[in-house]
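Participant: First, the structure itself, so that you have it in front of you.
Bear in mind that the values in this text are calculations on the coordinates, not laboratory data. This one's a predicted model, so the numbers in the text were calculated from it and none came from an experiment. Counting neighbours? That spans all protein chains shown, and the Cβs are built from the backbone with ideal geometry, glycine included.
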Amino acid sequence: RTTPRVTTATFTYRWLATTPHRITKLYQYLLRAQWIAADTKPEDFLAIFSGQPSTARIKWTGSNLQLAYLIRVMTEQNYISTPKRVGKWTCVYNHFVDKNSRQLPRLNSLHIPTKSKLAVEQMAELLNPNT
């Protein structure tokens with residue numbers, strides 16, 4: 001078992017230049033759903049999807065399944081991407097922590113959350129400027 005490498009690389013939101021408010025909308029919905037900590041700064045959340053190097057950390061208070069599926073849906077839909085030679089799980093590992101500020105376990109092997117599948121998909125869809 002290897003430890004994911006440390007990186008300041010972040011996700012790039014595909015339509016950041018034209019619809020950055022979509023990231024803000026996702027942030028607000030995640031706050032309302034209590035899937036991210038109430039003290040999460042909007043600029044930290046935006047930094048993780050800016051494509052620019054960042055040390056920002058988001059305290060994830062939802063389930064690990066929800067986070068893993070959200071990232072999976074957003075990348076499969078090409079709403080977000082990672083820099084070359086940096087995997088999505090490396091970005092997650094470096095920018096999301098659990099409610100106790102500890103690094104999250106490996107998320108790449110988690111399955112689809114049955115109870116919150118639709119909610120996660122709707123949250124991911126907030127990034128789609130065509131909806």
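Participant: If you take every residue apart from ARG102 with its C-beta less than 15 Å away from the C-beta of ARG102, what net charge results, scoring Lys and Arg +1 and Asp and Glu -1?
Facilitator: Residues close to ARG102 contribute a combined charge of +3.
Participant: Given Cα pairs under 8 Å that are at least 6 residues apart, what percent is the relative contact order of region 1-62?
Facilitator: 45 percent
Participant: Considering the Cα trace of the chain, what is its radius of gyration and what is Dmax, both in angstroms?
Facilitator: 13.4, 41
Participant: Near the amide H of ILE58, under 5 Å away, which other amide H atoms are found, from residues 5 or more places off or on another chain, if H is placed in the peptide plane?
Facilitator: PHE96, VAL97
Participant: Next question. Please turn the phi angles of region 81-98 into ³J(HN,Hα) values with the Karplus equation 6.51 cos²θ - 1.76 cosθ + 1.60 (θ = phi - 60°), one per residue in order, whole Hz, x for glycine and proline.
Facilitator: Listing the rounded values in order: 9, 10, x, 4, 6, 10, x, 4, 6, 5, 4, 4, 4, 8, 10, 10, 10, 7 Hz.
Participant: Anyone know which of LEU67, LEU31, LEU46 comes out most mobile in the 10 Å Cα GNM of the chain?
Facilitator: Largest GNM mean-square fluctuation: LEU31.
Participant: How about region 1-92: which trypsin sites (Lys or Arg not before Pro) there are in a DSSP loop, with at most 12 other Cβ atoms within 10 Å of their Cβ?
Facilitator: Here the trypsin sites (Lys or Arg not before Pro) that fit, given the DSSP loop and packing criteria, are ARG1, ARG5, LYS84, ARG85.
Participant: Right, here's the next one. Figure the gain on full extension for GLN77 and VAL97 (residue separation times 0.36 nm, minus the Cα-Cα span) and round it to one decimal in nm.
Facilitator: 4.8 nm
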